[in-house]
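Report on the structure given below.
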Amino acid sequence: MTTTTEDSPIHAPQPWFVIRAITVIGITLSLFQLYTAGVQPLGLFFQRPIHLGFVLVLCFLIYPAFGRAKPRGALGWAIDGTLIVLSIAAGAWVPLNIDTIANQIFPRDIDVWMGVVTIIVVLEAARRAVGLGMTLIGVFFIAYAFAGSRGELPFLADWMPGILNHRGYSLDRVASQMTLGAEGIFGIPLGVAATFVFIFVLFGAFLEVTGAGKFFIDLAYAAAGKQRGGPAKAAVIASAGMGSISGSAIANVVTTGAFTIPLMKKLGYRPAQAGGIEAAASTGGQIMPPLMGAGAFLMSEFTRVPYVDIVLVSIFPAVLYFGTVYLLVHIAAVKQGMTGLTAEELPSVRKVLAEGWHFLLPLVALVMLLVAGYSPMRVGFYAILSIMAAASARALWEFARSGPTMQGFFGLCARGLKLTLDALDLGARNAVAVSVACAVAGIIVGVVGLTGLGLKFSAMMIAFSGGNIVLALILVLLASLVLGMGLPVTAAYIVLIILVGPALTEQFGIPLLIAHLVVFWYSQDSNVTPPVALAGFAGAAIAGSKPMETSIQAWKYAKGLYLIPLFMVFNEEIILGGPLPLVLWSGAIAILGLTAFAALLEGFLWRPMPVWMRVLLLPGVVGLFWPSLTVEIAAAVLIVLLLAMNWSEARRDKARSDNTAVAQSATDG
């Protein structure tokens, strides 16, 4: 998880008082969130608007009107100053008037106009913090609500296909839907951002400032660095751990990639290959329990499935994904004749654990509290306290060993206070983009609920797919790719599940939790799929390679992102449970299928594969995904035979090589 400092060369320097204001407001927001998470919870019509008000003010301070590369200027200050005042009003209006709003039948004019103000500032904040694409989608949905014979923009109805037509709604109705209830801006997406997501983003910030991030990266290197392609394998392991916490594949790339990509290049991976591996591994962090970015929390709210259950069922699919990336990395290393790093080039596992074992305690506490049934928000609160306690205890231990003095003690306290404030500030800044995106997602949710667009979109999806579930899933994949070009993963997931969720569950019979997992996994694909592969572009920047070539490599290594959701759909027992033999069989063929696919893709497993073997592997892989036990068994037998032949030939090659070496040695002797 990273932030760009205010004096970054690509940003115009902010005045000192703006930097100070951002810090003070960020720390205040984090303290407010901690108070409501662990001391005194607030009702949704207090928590969500207050959170949004803080976030909007931070957004307009961090992102000037004309971009961060230009000074704000007098006009910029006039615009931003007005927006900051309106943001404070938007955050305070509902909490201050909750009794009146709750007891009135029709909204007052002032409520309507405050609703309009809130919508405007949210859309402008999205333009700055998330991107123009998010704002345009929000505007499109609002315009859609106004279209229709009784709406504010009836002429738009002529441009819509018949199935998308609706009666249209007035400004009063749309504004009240967006801001006076729990189905618009202050709905579930912002509710999740204002509670669970923020507290775990803050937890990630504490991990970062205390040095836990470096500890996990060093531990991954110590564990895997000596193997073939060691840095690439370490990248996979480190990204699995850090990505779940960071909440952003791009942030994960620049955090772990700064260490892993140069070492991969040094070992012999091509620059584009190194950047692509890191992008694929970092994207996997978003599907890795326990946090899964913000996905697990949102999924829990939408499906009403306990958070800990979502974490548990997501473990095996995530392991499959990282196992596939790991295997592809290994095959590439063997094909290119790579070795691992030497012991001198790597940190010692014992030394890394000796210096940072205390960072494991907060993660253990987090898992134990989740299993014990505490709410995610309370778990995040205690996790933050535990990382503070662990870091403080370690610092005091080092202080005691170094010969304590009163001056040193005050210096230690000052450093601890500075790190705490830095973490509070960093957590608030990192939460701005996701909270603003969730607020706009709330607009989309509100319009879909108001107009019934979700059911209409589902009908269109069924018509286009002809009732074929595979075609329907391909349509979801394509839609997620298009949405992901302009939306962050969390927002793309929310929009997609609102639009296609009813069709997947009601028309195609996919269980609710699996439908959400499939959509969430597919929402990640814009990070690694050309032409807009955001994590791939970030990897290219660090690797010094061409963005498109790096994106193609990322797409290649992230193939599990497309196959594993299909496996979930056709083998429901892997997620929902069932008879133990069936679950074990499904798990085994999933591993076998992904291994075969990796070998098919690379043309190599234990040794190079001839073309005929790769051709036969393809129907075998398809057969393992077929919803028929007979076909699955036949495909499994075919794949096992082919892979056994490859292994046997590799053994014979090695034996011949050893015999030749012995004979050569005897001749030389």
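The values are calculated or read from the model by the stated rules, or taken from the named source; none is laboratory data. Owing to the predicted nature of the structure, the values given are computational and were not obtained by experimental measurement. As a convention, Cβ positions derive from the backbone with ideal geometry for all residues, glycine included, and neighbour counts pool all protein chains shown. Side chains included, ligands, DNA and RNA excluded: accessible areas come from the protein's heavy atoms. Shrake-Rupley method; radii C 1.70, N 1.55, O 1.52, S 1.80 Å.
Looking for something of a type outside the set (A, V, I, L, M), modelled with pLDDT under 75, assigned to a loop (DSSP other than H, G, I, E, B) and surrounded by 24 or more Cβ atoms within 10 Å (Cβ to Cβ) - is there at least one such residue anywhere in segment 277-292? No, segment 277-292 contains no residue that is of a type outside the set (A, V, I, L, M), modelled with pLDDT under 75, assigned to a loop (DSSP other than H, G, I, E, B) and surrounded by 24 or more Cβ atoms within 10 Å (Cβ to Cβ).
For segment 383-398, the count of residues that are under 16 Å from V308 (Cα atoms) and at pLDDT 80 or above is at least one. Looking only at residues in segment 187-197 that are among the hydrophobic types (A, V, I, L, M, F, W, C) and surrounded by 24 or more Cβ atoms within 10 Å (Cβ to Cβ), the one that is nearest to L327 (Cα to Cα) is V197. Among the residues making up segment 600-657, those that are surrounded by fewer than 15 Cβ atoms within 10 Å (Cβ to Cβ) and polar (S, T, N, Q) are S628, T630, S648, S657.
The number of residues in segment 501-517 that are surrounded by fewer than 24 Cβ atoms within 10 Å (Cβ to Cβ) and part of a helix (DSSP H, G or I) comes to 9. Kindly establish whether L477 is of a type in the set (A, V, I, L, M, F, W, C) and over 30 Å from F570 (Cβ atoms). Against the criterion (of a type in the set (A, V, I, L, M, F, W, C) and over 30 Å from F570 (Cβ atoms)), L477 does not qualify.
Annotation note: Cβ proximity below 8 Å between a residue of segment 560-584 that is free of Cβ contacts under 8 Å to residues at least 24 places away in the same chain and among the polar types (S, T, N, Q) and a residue that is in a loop (DSSP other than H, G, I, E, B) and surrounded by 17 or more Cβ atoms within 10 Å (Cβ to Cβ) (sequence gap 6+ or interchain) occurs for no pair.
Counting only residues that are hydrophobic (A, V, I, L, M, F, W, C) and at pLDDT below 80, which one in segment 541-569 is nearest to S480 (Cα to Cα)? Here the residue is M548. Of all residues in segment 576-597, how many are touching a Leu at 6+ places or on another chain (Cβ under 8 Å) and modelled with pLDDT of 85 or more? Going through segment 576-597 one residue at a time, the tally reaches 9.
For every residue, the table says whether it meets (1) of a type in the set (A, V, I, L, M, F, W, C); (2) touching a helix residue (DSSP H, G or I) at 6+ places or on another chain (Cβ under 8 Å).
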{"site": "V583", "(1), (2)": "yes, yes"}
{"site": "L594", "(1), (2)": "yes, yes"}
{"site": "V611", "(1), (2)": "yes, no"}
{"site": "V621", "(1), (2)": "yes, yes"}
{"site": "E632", "(1), (2)": "no, yes"}
{"site": "L638", "(1), (2)": "yes, yes"}
{"site": "K654", "(1), (2)": "no, no"}
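Scanning segment 177-207 for residues that are in a helix (DSSP H, G or I) and under 17 Å from G138 (Cβ atoms) returns Q177, M178, T179, I188, P189, L190, A193.
The residues of segment 364-389 that are crowded, with 18+ Cβ neighbours inside 10 Å, under 26 Å from A223 (Cβ atoms) and either in contact with a Gly (Cβ under 9 Å, 6 or more places away or on another chain) or touching a residue at least 40 places away in the same chain (Cβ under 8 Å) (or both), listed by number, are L366, L370, A383, I387.
Residues in segment 198-233 that are open to solvent by less than 10 Å² (accessible area, probe 1.4 Å) and more than 22 Å from L353 (Cβ to Cβ): F198, I199, F200, L202, A205, G229, A232.
For segment 342-392, name all the residues that are in contact with a Ser or Thr (Cβ under 8 Å, 6 or more places away or on another chain) and among the aromatic types (F, W, Y). Of everything in segment 342-392, just one residue is in contact with a Ser or Thr (Cβ under 8 Å, 6 or more places away or on another chain) and among the aromatic types (F, W, Y), namely F359.
Is it fair to say G501 is closer than 28 Å to V305 by Cβ and modelled with pLDDT under 85? Taking the combined requirement at face value, the residue satisfies it. The residue that is farthest from A332 (Cα to Cα), counting only those in segment 256-272 that are part of a helix (DSSP H, G or I) and open to solvent by less than 10 Å² (accessible area, probe 1.4 Å), is T256. Taking segment 312-359 as the range and being under 26 Å from A554 (Cβ atoms) and β-branched (V, I, T) as the test, the residues that pass are I315, V319, T324, V325, V329, I331, V334, T339. Taking the numbered list (1) open to solvent by 70 Å² or more (accessible area, probe 1.4 Å); (2) more than 19 Å from G593 (Cβ to Cβ); (3) part of a helix (DSSP H, G or I) in turn, T339 passes all entries but (3). Restricting attention to segment 621-635, the residues that are without any contact (Cβ under 8 Å) to a residue 60 or more places away in the chain and part of a loop (DSSP other than H, G, I, E, B) add up to 3. Among the residues of segment 376-388, the one identified as within 15 Å of Q33 (Cα to Cα) and hydroxyl-bearing (S, T, Y) is Y382.
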